[in-house]
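The values are calculated or read from the model by the stated rules, or taken from the named source; none is laboratory data. Note that the structure is predicted; figures quoted are calculated from it, not measured. Cβ: placed from backbone, ideal geometry, glycine included. Neighbour counts: every protein chain shown. Protein only, heavy atoms only, side chains kept; ligands, DNA and RNA dropped before computing areas. Shrake-Rupley method; radii C 1.70, N 1.55, O 1.52, S 1.80 Å.
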Amino acid sequence: MKMIIGDGFGEASDKKTRPVINPATGEIIDTVPEATVEDVHRAISVAIGTQKSWAARTTRERTDMIRKAASLIRDRRLELGKILSLEAGKPYMAEAVWEFDSVAYILEASCEVAKHHYGAVMPFATEPGYDEDLQFTVHCPRGVIACIVPYNFPPAIWAFKVGGALASGNAIVVKAPSYDPLAVIECHRILIEAGIPAGVVQCLTGSGARVGGAMVSDPRIDAINFTGSTQTGITIAKQAAEHLTPYYFELGGNDGLIICDDADLDLAVSESGDKARNAGQACSAAKRFIVHNSVKKRFSERLIDEQLSKLVLGDPLDSSTTMGPLIGKDAADEIDRQVQHTVAQGGRVMFGGKRRNSYAFYEPTVIADVRPEMDIARDMEVFGPVWPIIGFDTIEEAIEIHNSTSYGLGGGIITPDTRKALQVANKLKTGHVAINASGGFRAAELPFGGGNKASGNSRESMSEVMREVTQLKSIILRNVFKQT
């Protein structure tokens, strides 16, 4: 498959390619170009030229094309889902096809937000000396936005990054994920089919360090939107700082789910089982299960019996499969290393804890006897199907355990006591808190992202997207009301 560069589909300037591997089998399913630094510079030059004419179109014209693309994506959800299932290992109907329903919704919602993103008129005569002036604000596109897409939910996160950016008049240069770029490229193909000039929606493939690094260090980029690891975010921030390029990051997390002694265990077990989605590769998923000691044993046993033991690992295209592989062999190796490290620190594997013979599968794993000082209970983000169980006796202790991490993405609490839940939510140092749900809750409108700490500064959502893809301009009509 080719990448989108310049006015259409193309190869890397040196003709090199890289394989796309099916994580369920280890087989090569396609190849994509290995873009060079020169390719990146060319793409940005083209984007700068095409952005001006794209921004000159009316909001109505731009959003009509995006809505057409959303409709085409919805119509082709089955074929797009198969591509995503093969390259990312997601169960076909339940996860891969569903993700394109989300993509279509996000693109359509982005259009509605863009059409109703209003400026403001300042109050008259509030400060002496400005009584005859009219002051108002408008929102302008930033220009060319570099969008770096992660491997875990590539089409969905892609839609959050590009929908509002395109609707408000920006050009985008997208770095597709290295592991699974094919579905994202197909989405760009559909944008072009819907009438958007190729130069406005270029999509590059290849090494993250080389392609992404060249994008974010180019002074002609007007903003950077990145989802990925905290360490990579720190590297990008340093590169962006050289040119004071604005950046918006959604980074790592080690979200906790607090399960109180009065919790509805049916609900707690069900919400905790949700972590199996995408084989646990979700930044918003709960990664630490902070359970009151009085219900810890019952909860752990029921989680295994009612949820995890019933998961079917296998071919993502098989309708009986309920959990697919991790994104690749290296990812599975890392999960195994983290589990063994936790065991060495005193954790006890209650369930799972082993690699499967297939290429990138890892068993759903429950680790008991996890203490608050262990790495997995603090700053070791486990991006896979692992459920560490941490006990507590008082709600103050649970809050302290939850906050004892460098991350601050999200969290959750399960209790029927609304007063207690709200008090806990107020004290958790996170960007969002779900009450009687896991932190994995993510509606498109919800401002999603790290409120502080090492989880980023973005609020990726329909309610906040325009703040990140436009800039505020103030216009003053001096003395316009002065009597002559």
message: On a 1.4 Å probe surface of the protein chains, which of ILE172, ILE399 comes out largest in accessible area, and what is the full order?
response: ILE399, ILE172
task: Heads up, I need the accessible area for TRP98: 1.4 angstrom probe, whole protein in place, Å², nearest 10.
output: 120 Å²
message: With n ≥ 4 as the cut-off for DSSP H runs, can you work out [θ] at 222 nm for the chain, using -39500 (n - 2.57) per run divided by the number of residues, rounded to the nearest 500?
response: -11000 deg cm²/dmol
field: Solvent exposure, largest accessible area first (probe 1.4 Å, DNA, RNA and ligands not counted), of LEU472, LEU78, LEU86
entry: LEU472, LEU78, LEU86
query: What distance in nm separates the simple spin-label points at HIS116 and ASN479, each placed 7 Å from Cα in the Cβ direction?
result: 4.1 nm
Residue-normalised accessible area of the chain, expressed per residue, 1.4 Å probe, Å²: 40 Å²
- prompt: In the chain, carbon and sulfur make up what percent of the accessible area (probe 1.4 Å)?
  reply: 51 percent
field: Of LYS161/LYS310; LYS52/LYS82; LYS52/LYS473; LYS90/LYS420; LYS175/LYS329, those spanning more than 27 Å from alpha-carbon to alpha-carbon
entry: LYS161/LYS310; LYS52/LYS82; LYS90/LYS420
query: In percent, how large is the relative contact order of segment 330-484, given Cα pairs closer than 8 Å and 6 or more residues apart?
result: 14 percent
Inter-label distance, nm, simple model (7 Å from Cα along the C-beta direction), VAL343/GLU397: 2.7 nm
- prompt: What net charge do the residues around GLU99 carry, taking every other residue with its C-beta under 14 Å from that of GLU99, with Lys and Arg at +1 and Asp and Glu at -1?
  reply: +1
- prompt: Once a ≥ b ≥ c are taken as the square roots of the eigenvalues of the Cα gyration tensor of segment 326-411, is the result rounded (a/c under 1.5), prolate (a/b larger than b/c) or oblate (a/b not larger than b/c)?
  reply: prolate
Option label - Rg and Dmax of the Cα atoms in Å computed here, alternatives (1) 23.7, 86; (2) 26.6, 88; (3) 22.4, 67: (1)
query: What percent does the relative contact order of segment 178-259 come to when contacts are Cα pairs within less than 8 Å and at least six residues apart?
result: 24 percent
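Just want to confirm a number: the relative contact order over the chain, from Cα pairs under 8 angstrom separated by 6+ residues, in percent.
19 percent
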- line: The local net charge around VAL138, scoring Lys/Arg +1 and Asp/Glu -1 for residues other than VAL138 whose Cβ lies under 15 Å from its Cβ, equals +4
- line: The correct ranking of MET65, MET462, MET93, MET1 by accessible area at 1.4 Å, largest first, is MET93, MET1, MET65, MET462
- request: Return the lysines within reach of LYS427: Cα separation strictly under 16 angstrom, same-chain partners fewer than 8 residues apart disregarded; answer none if there are no such residues.
  value: LYS453
query: Taking N as the number of residues in segment 206-285, what is its Cα Rg relative to 2.2 N^0.38 Å?
result: 1.57
